[in-house]
1. Using only Cα atoms, tell me the angle between helix B:165-189 and the longest principal axis of chain B; keep it within 0 to 90° and round to the nearest 10.
2. If the cut-off is a Cα-Cα distance under 13 Å, which aspartates and glutamates reach residue B:212, setting aside same-chain residues fewer than 8 apart in sequence?
3. Determine, from the Cβ-Cβ distance of residue B:260 and residue A:45 and an R0 of 41 Å, the FRET efficiency 1/(1 + (r/R0)^6), rounded to the nearest 0.05.
4. Out of the trypsin sites (Lys or Arg not before Pro) in region A:50-88, which ones are loop residues according to DSSP with at most 16 other C-beta atoms within 10 Å?
5. Beyond 32 Å between alpha-carbons counts as too far, so tell me which of A:53/B:311; A:53/B:302; B:207/B:278 fall in that bin.
6. Using a Förster radius of 22 Å, what is the FRET efficiency between residue B:216 and residue B:43 based on their Cβ-Cβ separation? Nearest 0.05, please.
7. Provide the gained length on full extension for the span residue B:269 to residue B:288, in nm with one decimal, where the gain is 0.36 nm per separating residue minus the Cα-Cα distance.
8. Could you identify which residue out of B:146, B:163, B:72 has the top mean-square fluctuation in a GNM of chain B using Cα springs shorter than 10 Å?
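No lab work stands behind these numbers, since they all come straight from the coordinates. Remember, it's a predicted structure, so these values are computed and weren't measured experimentally. Here the Cβ positions follow ideal geometry from the backbone for every residue, glycine too, while neighbour counts run over all protein chains shown.
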Amino acid sequence: MQKFTFSEKKTLLIPNTNTFRPPLDKNGRPIPPDDLLRTFGKIVTAYEKKTGKPVPIPDQKFVGWIKQFCNQLDSGKTSEEIFKSSLVNIL
Amino acid sequence: MASIVLTPNEYYTGLVNFILFMRLYATNTSNRQKNIVDVFASETLEFGDQKVFPFAEIPKVEDYSLTSSLLTDKPIKYAEEFIGDPIRKKISLSRIEPFLKMGMMGASGLQTFSGYILGLMESAKEDYLYGEIMSDLINWTPAISTNKEMAKKVDLLPTEGVTDAEKLNAIELQNQKRIEKAWQKTFDDFSIYSDVFLDVDNAITGKETNFKSAVNLEDLIFIGNAEYLNDRVVNLMATLLKSEVIDGAFKRPVCLKVPQRTFDGLNASSTIGFVAHKYWYQWFYHFVFMGSFFDIDTVRIKNVLHFWYSKGKLKNLPASKLTANYITLP
């Protein structure tokens, strides 16, 4: 079960059902959150290396952000810190 | 190098598009268990608007004769079946604030957000397709009935009104044996050349044909109503799959247990199940397209999933439906 807290007043709990499908690894297991972002990074690197082309989505700034995210995770920052410092949060 | 900072618009659209890219190129090789809808799926149509399935009759075996000639023209009769005409469907969904908040919180929020993107719309699609597929299968009635065995009845003893536990057990055991025997006979019969399981008429006067089919075990699918998939039938399947002639390289038949509720919901509670060629009933995508944009005015992500597909049964592939027929006790 996934647990999220938006504030001290409200906690959102999401049970695992068919309507919640976390991205899976090649063995069919859900990828843990931090690993998911690392997987994003690996996919970008592998795709660019294999094809010599950028990932075929229009949002290249997002692709750069993923790479930056992985580097910052490797340098010891937590994902929450990276989110706070690299997203303009309007919510 | 300056740090990259994303606006919500860049973040959400980038994330959704990246997940879709990843789904297409990276994670669709995952070994997750196939669901019932996947079992009936065949390859996505690469181009064109329909699939063509040709089939030909079996040539006759003749006696040797000195007067016969190679020059005598003996054309093989040939026919084609088509599955096409796309059924065009779409699902639209606006993602609301709690989901967006979730996606902004951190890596775990992003993972959940991704899970929902993959999950909600696909679930709606799967739910819809399951209903369509089951309705097609369960309501199937062969077009030809003369000299055919596509609709078979299995005589069962009724348990209604029987309260004595011993008698009840005896009746249920007898019924299990009858169902098991009917399954066994049906898939045994599939292995020899015959037209009794084909919905093709070979006896049209003046247009006689010799369309026949035999199917190996590995090409079969067993679709069973859970209500009638008793221990004996399950054991039969297990024996079948553990046979010594079957090694690791053997492609096993597909054994599918469909919840009883599905049959009850379609007023087909007495249907025991089907034995068929695994491609007898199939559906396939023409294409699947999912797009999204982040509407900053309403703070919503608007997603649309288009799925165009075709479905159909092939008359030249064998199929048989088993139905329970409760007889009156003497």
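1. 90
2. Qualifying aspartates and glutamates at Cα under 13 Å: B:57, B:189, B:195, B:199, B:201.
3. Between residue B:260 and residue A:45 the formula returns 0.25.
4. A:77
5. Too far apart for the 32 Å limit: A:53/B:311.
6. 0.60
7. Difference between extended and current length: 3.4 nm.
8. B:72
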